[in-house]
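First up is the structure itself, then whatever we jot down about it.
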Amino acid sequence: MSANLEKTYNHHDVERRWSSAHWESEGIFDAEHFRVFEGGKEPYTVLMPPPNVTGSLTLGHVLNHTLQDIFIRYQRMSGKEALWLPGTDHAGIATQTVVEKKLREKGVSRHDLGRKEFLEHVWKWRDEYGGLILKQLRKLGISCDWRRNLFTMDEGASKAVRHAFITLYRDGLIYRGKRIINWCPVSQTALSDEEVIMKPRKDKLVYVRYPLTKRPGEHITIATVRPETILADVAIAVNPEDPRYSDLIGEMAVVPIAGRHVPVIADDYVDVGFGTGALKITPAHDPNDFEVAGRHNLPVLCVVGRDGRMTDEFGYAGLDRFEAREKIIADLEGRGSLVKVEEYEHNVGYSERADVVVEPYLSEQWFVRMKPLAANALQVVNDNQIRFHPAHWISTYRHWMENIKDWCISRQLWWGHRIPAWYDQEGGIWVAESYEEACHLAGTDKLVQDEDVLDTWFSSWLWPLTTLGWTGEQAENDDIRAFYPTDTLVTAPDIIFFWVARMIMAGLYFRKDVPFRDVYFTSIIRDMTGRKLSKSLGNSPDPLKVMDVYGTDALRFTIVYIAPLGQDVLFGEEKCEFGRNFATKIWNAARFVFMQREKAFGGMDEFGCAYQCFNSEAMVLSDAERWILGRYHRMLDAYHKAFGQFRMNDITRIVYDFFRGDYCDWYLETLKIELAGESSETRKHQAVCLAVYLLEGVLKMLHPVMPFITEEIWHHVLRREDSESIARSAMPMPETGWHDRGSDSFELVQKTVSETRSIRAVFGVPHDMTASLIIRAPEKTVRRLFSDNGAVVEGLTKCNVSIAEDSQRPPHAASAVVDGNELFVPLEGLISFEKEIARLEREVNSVSGYVRRMERKLANKGFVDNAPDDVVENERRKLAEAKSNLGKLQANLKVLCN
RNA sequence: GGGUGAUUAGCUCAGUUGGUUAGAGCGCUACCUUGACAUGGUAGAGGUCGGAGGUUCGACUCCUCUAUCACCCACCA
């Protein structure tokens, strides 16, 4: 490897050289429990939210996994034994749907194949395509311990699921019951409440007349949006307080079309103000009606089947529920039962996956009793044993926990963990690890296993345990002892209920300890107009393409830079220019530093020797160097603090600002001048060492965000083996006290340079022309500062500098005042007096306005009496400085006006 | 109906316990291809911080009300 970098930064080469495959073979990212137990290293663990096996990489993954990688790399470099647990989720409905769709293209349904053969197809599909997302994640450069990759259907995880189910069942927290659940007519399975999305929808509110049995000619009118369920009506309900209907309570009414005689009942549930104040009761097709029916001992009739088609005996059977609705409205009208139809917009539940209206469906399902689990899970968050970032998610979490309902965990699918329950011929339920065990318990071998599988999240909620090898019966091992509880969970806020809350419950229940300490909720990524990214909108850029065009580091840096804690992110791939430009800048700056190194030292060996002995404390520093070291340590301090506060976009901002604004724009520019000057060789050697030292520090700080480019450059800092990694190097720590060492005196030089450059630009002094700069500095220390930095000022302003305590003001000069020091740039032939007068007048106005405000402030007794002394003192000092500057500005203006 | 968050320059956003004349990137204007970098440099124009009130010596920052937008939760047919 040559000592310096290639002239042009090529991210493809760099990413190829330091690929995930390279590090996997070196075992660089592997974490071991013995290093915790015997090596005394502190553990740090991140749980990867397992992506769906059906998935491919989205920008959401990019943000999410980059953040996790940043945490992991940072902690690894901070000396912890950092473990990142990867894996994939079997994603029940999603995967089954994908495979069924593929089969359907060949004209085969899963029922044609049968359960066993269908599952073979799913496994085959998973083996073939299931690794795609992990491959893509590797491209992102994330540093997991890939040896521990877990799939939620692996044997260990499956064992854990069975154990969890059995334990909860024995503890009375899982039960089987007949309830109204959310039914997806497309996937033909039950869903949990969380899998139902409420969406506004326009429907018809239909007013229907029900004749009263014993009062010929009289009737009661109800309003419904689901007229097709009239066929299953078992009562009419009114509010007991409603005077309009009080005399009708106890009467019988006739259900149109069905001809059924049903009672008029009174129930508080009915809202007097809605519709007609009378409500039809259809227990099988509405959860509220089901409850009302329970209170009044009413029968339950069902007219909609599992496929969303009618099953009634009134001539609608086989019709889709929405077709039946239209037909019934027409039929009601034909019979004269229809009063009127109103347009009505209301919220309707849709199936998350299939995006169809969910059918409330009465069926036998398995449920988890959530209230007892929620109590502890809420407690640990209230007690700060688990911290949310940003913290405001606690109120959302709390609200859900306090209003929690039982969790429907059975799914009428084939792909998933089969429910470990068997039924005997009398209908008795036997929950056991295996058929054999169930037979043993039941005392018979005539048992049939429950056909259903478990909700995917029933395995996900055990993820913190199963990834560490917990199977329930095998509840203890070295990994769990070393790494549980895990530390940081990074996840999108939309699965706070699905996953985060339930993991907390499971951790507390099965391990008696929280599953993690900190939860970082990532931003939701939107397009530039604020819309959510989605495949159907076509507004979702392909991250792999973005990585290819701009570079993986550029994408990682950009997305973290623009993603503040707790805020949505508007992303357009052109934003990655920002990260790409920064990467290029780093490359070029490093190349420059290495060039200077080569000039000063010749060979890498000579440099290596000097660099390894280098100590900035033992070096005689220039003002610029003292300043940059002060800035460096201040930045380091801010950087580590930002990590502590989970302010991830701050860390990119902090390093970016330092590197661009301070290191490149000022410090490297002064370094050029220093090295071109007359200093001794030793001094030049030290200057180069310092430049490399600071560069290496910045590389380490950037490494968690930009792993590839920092790795490449780091390998050029010294001779290093390919097996070595910056990822295993030590993160620099801040030293305080640089402020006291006068690190800010260089700022006066900077201000002087900027003012002088401004004058040159405003008056159009040609670039190749050397001008003069006269500095009138009343204080000796300041004159000393300028004379020490004379070459720097001359180099950066392209002016010959002269310094004096009280020099004559040249006649044709532009002027400026910096901290009480006057700058004169003689511009014979170039100066426009009008321009200069206008410029000075603007400045005088601005400063005198400031002075007036400050005088008013300090004349205010309330301020002087109430504000802290140091604040008042500071304001006095500022006023004095401004007044002194103002006086000098006015004097210079006066000279011009005469 | 309840809850949460946002509102600062043309655009996208910083502004961490209230105390410098409110900052950056992109875009824009002018100048510059100088031996790290035009994916760059230097200089410049451009906001009074959604609106109204209040607390305070002092408010972009705290409180109240209000407007707009976004998201989450909620069984009124």
(message) In Å², and per residue, what accessible area does chain A have when probed at 1.4 Å with the other protein chains present?
(response) 43
(request) Write down the Å³ per residue value for the convex hull defined by the alpha carbon atoms of the range A:538-665. (result) 144
(request) Kindly provide the helix-only [θ] at 222 nm of chain A, computed as the sum of -39,500 (n - 2.57) over DSSP H runs of four or more divided by all residues, to the nearest 500 deg cm²/dmol? (result) -13500 deg cm²/dmol
(message) Need the C-alpha centroid separation for the range A:329-382 versus the range A:145-219, integer Å.
(response) 10
(request) Take the solvent-accessible surface of the protein heavy atoms, probe 1.4 Å, and return the percent of it on chain A that carbon and sulfur atoms account for. (result) 49
(request) State to the nearest 20 debye the size of the charge dipole of the range A:376-458 about its Cα centre, where the only charges are +1 on K and R beta carbons and -1 on D and E beta carbons. (result) 580
(request) Calculate the all-directions average of the projected area of the range A:151-211's alpha-carbon convex hull, and give it in nm². (result) 8.5
(request) Rounded to the nearest 10 degrees, what's the angle between the helix A:869-897 long axis and the longest principal axis of chain A, both from Cα atoms, 0 to 90? (result) 50
(request) Could you please report the charge total around A:Ala266, scoring K, R as +1 and D, E as -1 over all other residues with beta-carbon less than 11 angstrom from its beta-carbon? (result) -3
(message) Along the charge dipole of chain A, pointing to its positive end and built from +1/-1 on Cβ of Lys, Arg, Asp and Glu, which listed residue (A:Gly608, A:Ser192, A:Gly172) has its Cα farthest out?
(response) A:Gly608
(request) Among A:Asn821, A:Ser832, A:Gln808, flag the residue with its Cα farthest along the positive direction of the charge dipole of the range A:808-898, charges on Cβ as +1 for Lys/Arg and -1 for Asp/Glu. (result) A:Ser832
(message) Counting C-alpha atoms alone, how compact is the range A:295-337: give Rg to one decimal and Dmax as a whole number, in angstrom.
(response) 12.3, 35
(message) How large is the translational diffusion coefficient of chain A in µm² per second when you combine the Kirkwood radius over alpha carbon pairs with Stokes-Einstein at 20 °C and 1.002 mPa s?
(response) 64
(message) Quick check on the range A:753-891: of the DSSP beta bridges with both residues there, what percent are antiparallel, nearest 5%?
(response) 60
(message) If you average the alpha carbon positions of the range A:814-831 and of the range A:708-728, how far apart do those two centres end up, in angstrom?
(response) 48
(message) For the range A:433-506 and the range A:68-137, what is the centre-to-centre distance using only Cα atoms, to the nearest Å?
(response) 18
(request) Using only Cα atoms, find the angle between the long axis of helix A:115-129 and the longest principal axis of chain A, and express it within 0 to 90 degrees, rounded to the nearest 10. (result) 10
(message) Output the 0 to 90 degree angle, nearest 10, between the alpha-carbon long axis of helix A:681-702 and the longest principal axis computed from the alpha carbons of chain A.
(response) 10
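The values are calculated or read from the model by the stated rules, or taken from the named source; none is laboratory data. Quick caveat, the model's predicted, so the values are computed rather than measured. Please note: Cβ atoms are built from the backbone with ideal geometry, for glycine as well, and neighbour counts cover all protein chains shown. Accessible surface is based on the protein model in full, side chains and every heavy atom, while ligands, DNA and RNA are left aside. Shrake-Rupley method; radii C 1.70, N 1.55, O 1.52, S 1.80 Å.
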